[in-house]
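Take a look at the structure set out below.
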Amino acid sequence: MKFQIPIGPQHPALKEPISLRMTVEGEIIRDADLRLGYNHRGLEKLAEQKTWIQNIYLTERICGICSHSHTTCYVQGVEKLMELEPPRRGLYIRTLVAELERVHSHLLWLGVAGHEAGFDSFFMYTWRDREIVMDILETISGNRVHYGINTIGGVRRDLDEQQVKHILDSLAILRQRSEYYQHLGTNEPSFVARLAGVGYLSREDAIALCAVGPTLRASGVPMDVRKDDPYAVYAEVPFEVCTADTCDVLGRTVVRIKELFQCYNIIEYLLKNLPSGPVAVRAPRRAKPNEVVSRYEAPRGENIHYIKSNGTDKPERLKVRAPTLGNYAATLKMLKNGFIADVPLIFAAIDPCICCAERAVSLVDARSGQEKIISMNALKQLSRQVAAGNARKREAEWPL
Amino acid sequence: MKIGAFIPELLRHLFKKPATVDYPFQKLEVPRDFRGSPFLRPELCIVCRACERDCPAEAIEITATNEAEKRFRMVIHNDRCIHCAQCVDSCPTDAMQMDTRFEISDYDRHNLKMEWEYIRAVVKPKSEPKTS
């Protein structure tokens with residue numbers, strides 16, 4: 001006997017609207033389907049009406065947690081279009097903020113994993129310690145969430161000695177706390193038992209379904225844009241790509257904790273080798289007609305921006321591929337043959353940011369279940385046809 | 001494996017101060033470069049309109065009230081402002097500045113509007129605007 005269970009678009013287990021449809025046999029999920037489009041914001045179209053500078057702040061607002069990753073990805077692309085070479089100090093500060101953001105994102109995720117596994121005290125402790133890194137980001141950039149540190153041709157704010165010292169001091173506390181969480185993650189039997197074996201994704205499936213980020217690395221594939229296609233100053237910073245072989249949610253947790261330590265090493269290296277000089281170069285207002293693809297390793301996975309310019313001060317096209325979109329296919333695979341009770345945990349393990357990944361709207365026929373995408377022109381034509389078919393009633397009376 | 005590996009940490013925290021502050025009675029200090037609300041120093045504004053052009057939220061509005069007297073009016077719509085401080089970066093004469101207020105909520109969005117009426121300054125810009 002098979003049943004279909006809908007989860008979402010509004011559901012206590014989900015933080016953002018997405019619709020998951022599960023075909024279940026008893027407690028076991030036999031098939032899973034995903035419906036998107038509840039959170040479409042028309043952001044790419046809006047970007048075409050704003051100038052290069054204004055778009056930095058627009059792309060920043062694609063995501064609240066990985067805001068720096070989207071601006072860096074965009075700004076790198078625009079710098080390539082404008083043939084700018086940002087100064088080395090600017091690139092160092094940009095990378096520093098990127099790594100601090102990774103720390104805060106991974107600590108946040110650890111808390112969420114604890115919460116979904118029913119370990120709420122873990123959630124509260126990690127989020128308390130996340131405040132330390134939020135404070136660092138606030139002192140560097142002047143704000144906690146949207147740092148606004150990037151500008152075309154470098155960064156907007158410089159670091160002074162006092163800030164460097166403050167970051168290094170806070171980093172020592174963070175490192176100590178992360179070591180404790182690592183110890184806890186391997187020694188708390190109930191926590192480990194809840195995560196182990198849940199959401200299995202084999203190495204072959206991970207590659208075939210184009211998983212990205214920690215989800216891919218937890219299946220034993222050492223792939224990281226920072227290593228494979230180094231941007232900013234990653235080519236000269238020593239670090240390792242963290243992987244795990246367990247292919248489950250426990251592996252994804254382990255990868256993120258390991259990455260935390262790599263982040264601390266990178267931040268320390270960047271601060272100790274900070275070159276002197278200017279932080280930004282002057283950018284022109286216009287870009288020559290060209291197109292560029294920019295890649296960036298966000299905390300959640302690979303982030304891709306495609307930018308096309310047409311010689312004016314506005315982009316002709318901006319296409320954003322957020323990492324969550326790359327992980328959806330793999331999530332459906334992970335959900336299959338799992339339990340209903342594991343859905344929130346498996347879904348949270350990809351660190352979903354649904355809002356970031358919403359790009360188009362697909363229309364579904366309610367009766368037949370057929371899906372189709374309608375272009376703006378076709379939609380206009382359809383509305384005209386409907387309007388032409390309806391004779392307008394000029395003096396219609398209210399029936400009651 | 002040890003049962004209850006987290007318990008020592010939990011017990012230790014029974015005797016620690018809370019991590020939060022008693023907000024309305026006790027306030028945290030904002031950092032030095034905090035991005036609050038933008039404000040204008042009218043004596044420095046040369047009406048180059050760089051801030052109006054670069055504002056991503058279109059929150060700045062400059063209109064001429066009297067062309068002959070070179071009298072201008074600037075309105076900052078703080079209800080639209082996204083506090084990115086791009087206007088401060090774009091300003092060639094440091095006429096735009098950010099304050100450190102963070103408790104700026106109001107019952108009516110029109111109360112958030114800030115206005116200045118002033119005569120155009122003839123200050124020589126220190127440097128070329130960053131984004132000319």
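Cβ-Cβ distance below 9 Å, separation of 6 or more or different chains: which pairs start in the stretch A:381-393 with a residue that is modelled with pLDDT of 80 or more and end on one that is of a type in the set (A, V, I, L, M)?
From residues that are modelled with pLDDT of 80 or more, the pairs are A:Leu382/A:Ile374.
Out of (1) at pLDDT 90 or above; (2) within 10 Å of chain B (Cβ to nearest Cβ); (3) in contact with a helix residue (DSSP H, G or I) (Cβ under 7 Å, 6 or more places away or on another chain), what's the single condition that is false for A:Arg128?
Tallying (1) at pLDDT 90 or above; (2) within 10 Å of chain B (Cβ to nearest Cβ); (3) in contact with a helix residue (DSSP H, G or I) (Cβ under 7 Å, 6 or more places away or on another chain), A:Arg128 fails exactly one: (3).
When you check A:Arg41 against the structure, is it touching a residue at least 12 places away in the same chain (Cβ under 8 Å), in contact with a Gly (Cβ under 8 Å, 6 or more places away or on another chain), away from every other protein chain (no Cβ under 14 Å) and more than 29 Å from A:Val254 (Cβ to Cβ), yes or no?
On the way: touching a residue at least 12 places away in the same chain (Cβ under 8 Å): yes; in contact with a Gly (Cβ under 8 Å, 6 or more places away or on another chain): no; away from every other protein chain (no Cβ under 14 Å): yes; more than 29 Å from A:Val254 (Cβ to Cβ): yes.
Considered against the rule, which asks whether it is touching a residue at least 12 places away in the same chain (Cβ under 8 Å), in contact with a Gly (Cβ under 8 Å, 6 or more places away or on another chain), away from every other protein chain (no Cβ under 14 Å) and more than 29 Å from A:Val254 (Cβ to Cβ), A:Arg41 comes out as no.
Only one residue in A:Glu60, A:Glu25 is acidic (Asp, Glu) and within 13 Å of chain B (Cβ to nearest Cβ), so which one is that? Before the answer, list the steps.
Values: A:Glu25 fails: within 13 Å of chain B (Cβ to nearest Cβ).
Answer to the selection: A:Glu60.
When only residues in the stretch A:28-53 that are in a loop (DSSP other than H, G, I, E, B) and at pLDDT below 90 count, which is surrounded by the fewest Cβ atoms within 10 Å (Cβ to Cβ)? Steps first, answer last, please.
So in the stretch A:28-53, the residues in a loop (DSSP other than H, G, I, E, B) come out as A:36-42, A:48-51.
Subset that is at pLDDT below 90: A:36-42.
Details: A:Leu36: 19, A:Gly37: 16, A:Tyr38: 16, A:Asn39: 14, A:His40: 12, A:Arg41: 13, A:Gly42: 10.
Per the criteria, the residue is A:Gly42.
Taking the stretch B:22-56 only, how many residues are out of contact with any strand residue (DSSP E or B) (no Cβ under 8 Å at 6 or more places or on another chain), within 13 Å of chain A (Cβ to nearest Cβ) and at pLDDT 90 or above?
Applying the first criterion (out of contact with any strand residue (DSSP E or B) (no Cβ under 8 Å at 6 or more places or on another chain)) to the stretch B:22-56 yields B:22-33, B:44, B:46, B:48, B:50, B:53-56.
With the extra rule that they be within 13 Å of chain A (Cβ to nearest Cβ), the set shrinks to B:28-33, B:50, B:53-56.
Remaining after also requiring at pLDDT 90 or above: B:50, B:53-56.
Of the residues in the stretch B:22-56, 5 are out of contact with any strand residue (DSSP E or B) (no Cβ under 8 Å at 6 or more places or on another chain), within 13 Å of chain A (Cβ to nearest Cβ) and at pLDDT 90 or above.
Is it the case that some residue within the stretch B:91-106 is more than 14 Å from every other protein chain (Cβ to nearest Cβ) and over 18 Å from the mean Cα position of the chain (by Cα)?
No, the stretch B:91-106 contains no residue that is more than 14 Å from every other protein chain (Cβ to nearest Cβ) and over 18 Å from the mean Cα position of the chain (by Cα).
Quick check on the stretch B:48-81: of everything there that is in contact with a Leu (Cβ under 8 Å, 6 or more places away or on another chain) and not in a loop (DSSP other than H, G, I, E, B), which residue is most open to solvent (accessible area, probe 1.4 Å)?
It comes out as B:His77.
Criterion first (surrounded by 14 or more Cβ atoms within 10 Å (Cβ to Cβ) and touching a residue at least 40 places away in the same chain (Cβ under 8 Å)) does A:Cys210 satisfy it? Walk me through how you get there before you give the answer.
Numbers: surrounded by 14 or more Cβ atoms within 10 Å (Cβ to Cβ): yes; touching a residue at least 40 places away in the same chain (Cβ under 8 Å): yes.
Spelling it out, A:Cys210 is indeed surrounded by 14 or more Cβ atoms within 10 Å (Cβ to Cβ) and touching a residue at least 40 places away in the same chain (Cβ under 8 Å).
Return the residues of the stretch A:136-175 that are charged (D, E, K, R), more than 8 Å from every other protein chain (Cβ to nearest Cβ) and not in a loop (DSSP other than H, G, I, E, B); say none if nothing qualifies.
If we filter the stretch A:136-175 for residues that are charged (D, E, K, R), which is where we start, we get A:138, A:144, A:156-158, A:160-161, A:165, A:169, A:175.
Restricting the remaining residues to those that are more than 8 Å from every other protein chain (Cβ to nearest Cβ) gives A:144, A:158, A:160-161, A:165, A:169, A:175.
A:Glu161, A:Lys165, A:Asp169, A:Arg175 - these are the residues of the stretch A:136-175 that are charged (D, E, K, R), more than 8 Å from every other protein chain (Cβ to nearest Cβ) and not in a loop (DSSP other than H, G, I, E, B).
In the stretch A:63-92, how many residues are closer than 26 Å to A:Leu270 by Cβ and either within 11 Å of chain B (Cβ to nearest Cβ) or assigned to a helix (DSSP H, G or I) (or both)?
Final tally of qualifying residues: 19.
Just for the stretch A:116-125: of the residues that are outside any loop (DSSP other than H, G, I, E, B) and more than 8 Å from every other protein chain (Cβ to nearest Cβ), which one is surrounded by the most Cβ atoms within 10 Å (Cβ to Cβ)?
Out of the qualifying residues, it is A:Glu116.
Just name the residue that is nearest to the chain's Cα centre (by Cα) out of those in the stretch B:6-21 that are assigned to a helix (DSSP H, G or I) and either facing another protein chain (nearest Cβ under 10 Å) or surrounded by 10 or more Cβ atoms within 10 Å (Cβ to Cβ) (or both). Spell out how you get there, then give the answer.
Pass one, the stretch B:6-21, residues assigned to a helix (DSSP H, G or I): B:7-15.
Right, trim to either facing another protein chain (nearest Cβ under 10 Å) or surrounded by 10 or more Cβ atoms within 10 Å (Cβ to Cβ) (or both) and you get B:7, B:9-10, B:13.
Working: B:Ile7: 45, B:Glu9: 41, B:Leu10: 40, B:His13: 38 Å.
The qualifying residue nearest to the chain's Cα centre (by Cα) is B:His13.
For residues that are open to solvent by 80 Å² or more (accessible area, probe 1.4 Å), assigned to a loop (DSSP other than H, G, I, E, B) and acidic (Asp, Glu), tally how many sit in the stretch A:213-249.
2
Among the residues of the stretch A:183-200, is any away from chain B (no Cβ under 11 Å), open to solvent by 50 Å² or more (accessible area, probe 1.4 Å), of a type in the set (Val, Ile, Thr) and over 25 Å from the mean Cα position of the chain (by Cα)? Give the steps one after another, and end with the answer.
As a first pass, look at the stretch A:183-200 and keep what is away from chain B (no Cβ under 11 Å): A:194-200.
Among the residues that remain, those that are also open to solvent by 50 Å² or more (accessible area, probe 1.4 Å) are: A:194, A:197, A:200.
Those still in the list that are of a type in the set (Val, Ile, Thr) too: none.
The answer is no; no qualifying residue exists.
The values are calculated or read from the model by the stated rules, or taken from the named source; none is laboratory data. A quick note: this is a predicted structure, and the numbers were derived from the prediction, not measured. So basically every Cβ, Gly included, is an ideal-geometry build from the backbone, and we count neighbours across all protein chains shown. Ligands, DNA and RNA are stripped out before the accessible areas are found, and what is left, the full protein with its side chains, is counted by its heavy atoms. Shrake-Rupley method; radii C 1.70, N 1.55, O 1.52, S 1.80 Å.
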